[in-house]
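> Pasting a structure here, questions to come.
The values are calculated or read from the model by the stated rules, or taken from the named source; none is laboratory data. Quantities reported herein were computed from a predicted structural model and do not represent experimental measurements. Here the Cβ is made from the backbone with ideal geometry for all residues, glycine too, and neighbour counts use every protein chain on show. Ligands, DNA and RNA are stripped out before the accessible areas are found, and what is left, the full protein with its side chains, is counted by its heavy atoms. Shrake-Rupley method; radii C 1.70, N 1.55, O 1.52, S 1.80 Å.
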Amino acid sequence: MDHGLQLRAATAEDREWIHELRHRVYAQELGQHAPNRVGRLRDGLDGDSVCLVAARGAARVGFISVTPPWSGRYGLDKYLTRDELPLLAEDDVFEVRILTVEPRRRGGAAAPLLMYAALRWIAARGGRRVVAMGRTELLGMYLAAGLRPVGRTVRSGALTFEVLTGEVSELTRVTMDRYRALVERLRSAVDWRLDVPFAPGPDGCEHGGASFTAIGTDFRSLHRRHEVVAADVLDAWFPPAPGVRAALAEDPAWAARTSPPTGAEGLVAEIAAVRGLPAETLAVGAGSSDLIFRAFGRWLTPESRVLLMDPGYGEYAHVTERVIGCRVDRFRLRREDGWRIDPARLSAAVGSGRYDLVVVVNPNNPTGRHASAVDLRSLIAAAPARTRWWIDEAYLGYVDPAESLADLAATDPRVVVCTSLSKMYALSGMRAAYLVAEPDTAARLRRWTPPWPVSLPAQLAAVAALRDPAYYSGCWLRTHTLRRQLAADLRGLDETLVVEESVANFLGVTLPAGGPSAARFVGECRRHDVYLRDLSPLSSLYQGRTVRIAVKDTAENARVVAAVRAALDLLLPSRQVSPVPVSEGVTAAGPAR
């Protein structure tokens, strides 16, 4: 075992050594390139690629290079056209290049650790596929890692390479299945200095945020809740309505020990009355995730094809890809379009008739953009009859309840609307949600619902919340004001920050290209007990540079701004403070509708 082996991103000093090692190995030793007088090998991708270095103390051992899709080109472009290798034109393809180890260090753990580090780095940037050129002499090592030949061979100088590829999720699964014990042993032996966790989570999905870990998941240090700013989850900043608190406080011992109505009949009746929906079109669950798992598990199989918005709420990719194993495609939203859904482009994608399910989170999480009900109704009307639509309206209250498609879902068997009562009603800890579907669909889902799906405290709280629309309307309006002020304050910290508002209770901040990664930035903010959400794993479109920040109250928003300022002072010491006054920033930063 390589105790003391350090894995890190390459520094400027490392780059000179990398160029010199490449010349020694690929020009002098292997004959891929002709030797040159300066004893250095460089290529046009050096500025676009990221190098990861293995070192022991001051001695560098090896490196690996990763070319991300946002560079717009790959090393393989020198050898094959996109027609010859179409996978290079696909989304989310990261190229792993030039795995190189000092001759005297070969045979140790450096090479496999560098490959593992590249895989973890790619996964943390939303990568879904890897492509590589593997020397034929080392093909066994690449195959053991889970890579597979695509049937293309490349000749470069005296060397022959196989073109290899693999899905990031599958490569991660193979690694953890075959080498889990070794990975666990190396965790304590390796000095891991990359801005990504050493090992993936148990199921590969980050559910919620990391802030509760800081509070204490064993509940022995709950006083920390007053010290931690949990801006990495989208829980409401405001308390539940007074009636909710009264209902929970009236007899908590009774609420804790008493079995609730078996099918949450009172809650269903209240939802039906408030929303103007027939009770037979409703099914309730312990949060939207409960409904997602239950419904998708009944409707989909590994043969099903699903279309997800990208970027989009990660739970949908987790359930469809990792839990069920569906064939999943992404409909890529575009930053230059303001992350909005292009109805014509989506209609063309769905019109092919290949999709069993299309998922639209509206407003979108994490982009915060809203697609109009008019556009969505037109899209659905024109879509093939075989395609089911799942519309997640968890944050619709921040826009306009009239924009809901619940009435369509109640009559159209192709449409289901899912609505969480957690975020909009400050009930995240209660876990309550419902979906709307035409009666036969809703009845089938109710048959697969266990008794007592929603706890008695949650039923009491949800019913009381639905009975106080005036209180929540005021909270939602106040949220817009708080968000605009937070956006203005963040814009004033640095003119290179891109602050993108949403229509809901969060906003996005993108760091400058060439600056710190979102992961490192988030880590620095945590030193101040301020937790933000790194969006990088959700989509490669974020290029590892975007964080999502939940809107909190005035005092906690001030702590967020202070933590961001401190992180920027450390990570961008030469930053330029924006000349825009805060008051002007507030005026210019209205809701992005």
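> Under the rule of -39500 (n - 2.57) per DSSP H run of 4 or more residues, summed and divided by the residues of the chain, what mean residue ellipticity at 222 nm is obtained, to the nearest 500 deg cm²/dmol? Could you put the intermediate results ahead of the total?
On the way: 19 runs with 199 residues, N = 593.
After summing the helix terms and dividing by residue count, I get -10000 deg cm²/dmol.
> A further question on this structure: In degrees between 0 and 90, to the nearest 10, how far off the longest principal axis of the chain does helix 288-299 point, with axes built from Cα atoms?
For 288-299 against the chain, the angle is about 80 degrees.
> Between segment 19-71 and segment 376-403, how far is it from one alpha carbon centroid to the other, in angstrom?
50 Å
> If I compute solvent accessible area with a 1.4 Å probe over the protein chains, what percent of it on the chain is carbon and sulfur?
53 percent
> What ranking do 489-500, 187-198, 282-293 get when scored by the average of other Cβ atoms within 10 Å per residue, highest first? Intermediate values should be presented prior to the final figure.
Values: 489-500: 19.0, 187-198: 15.7, 282-293: 22.3.
My ranking of the peptides, most packed first, is 282-293, 489-500, 187-198.
> Tally Lys and Arg at +1 and Asp and Glu at -1 over the other residues with C-beta under 13 Å from the C-beta of Thr165: what net charge comes out?
Within the 13 Å Cβ shell, the charges total -2.
> Can you work out D for segment 58-124 in µm² s⁻¹ from Stokes-Einstein, where Rh is the Kirkwood radius over C-alpha pairs, the temperature is 4 °C and the viscosity is 1.567 mPa s? Intermediate results must be reported in sequence, preceding the final value.
On the way: Rh = 13.4 Å.
Result for D is 97 µm²/s.
> Still on this structure, please answer the following. With a 1.4 Å probe and every protein chain left in place, work out the accessible area per residue of the chain in Å², rounded to a whole number.
Working: 24910 Å² over 593 residues.
Computed with neighbouring chains in place, this is 42 Å² per residue.
> Follow-up question, since we're still on this one. If Lys and Arg each add +1 and Asp and Glu each add -1, what is the summed charge of the other residues whose beta carbon sits under 15 Å from the beta carbon of Asp218?
So the environment of Asp218 carries a net charge of +3.
> Largest first and to the nearest Å, give the Cα extent of segment 177-272 along each principal axis.
55, 33, 27
> Non-local amide H neighbours of Arg340 (under 5 Å, H modeled in plane, Pro and chain starts lacking H): which ones?
Arg334
> Also, I was wondering about something else. Can you compute 3J(HN,Hα) from phi for each residue in segment 452-467, using the Karplus curve 6.51 cos²θ - 1.76 cosθ + 1.60 with θ = phi - 60°, rounded to whole Hz and x for Gly and Pro?
Values per residue, Gly and Pro as x: 6, x, 10, 5, 4, x, 5, 5, 4, 5, 5, 4, 4, 5, 5, 8 Hz.
> Given the peptides 149-156, 61-68, 95-102, arrange them by the average over their residues of other C-beta atoms within 10 Å, most packed first. All intermediate terms of the calculation are to be shown ahead of the outcome.
On the way: 149-156: 13.8, 61-68: 24.1, 95-102: 22.0.
The most tightly packed comes first, giving 61-68, 95-102, 149-156.
> Relative to the longest principal axis of the C-alpha atoms of the chain, give the angle of the C-alpha long axis of helix 110-123, reported between 0 and 90° and rounded to the nearest 10°.
Tilt relative to the chain: about 30 degrees.
> Hey, what D do you get for segment 237-347 in µm²/s if you plug the Kirkwood alpha-carbon radius into Stokes-Einstein at 25 °C and 0.890 mPa s?
137 µm²/s
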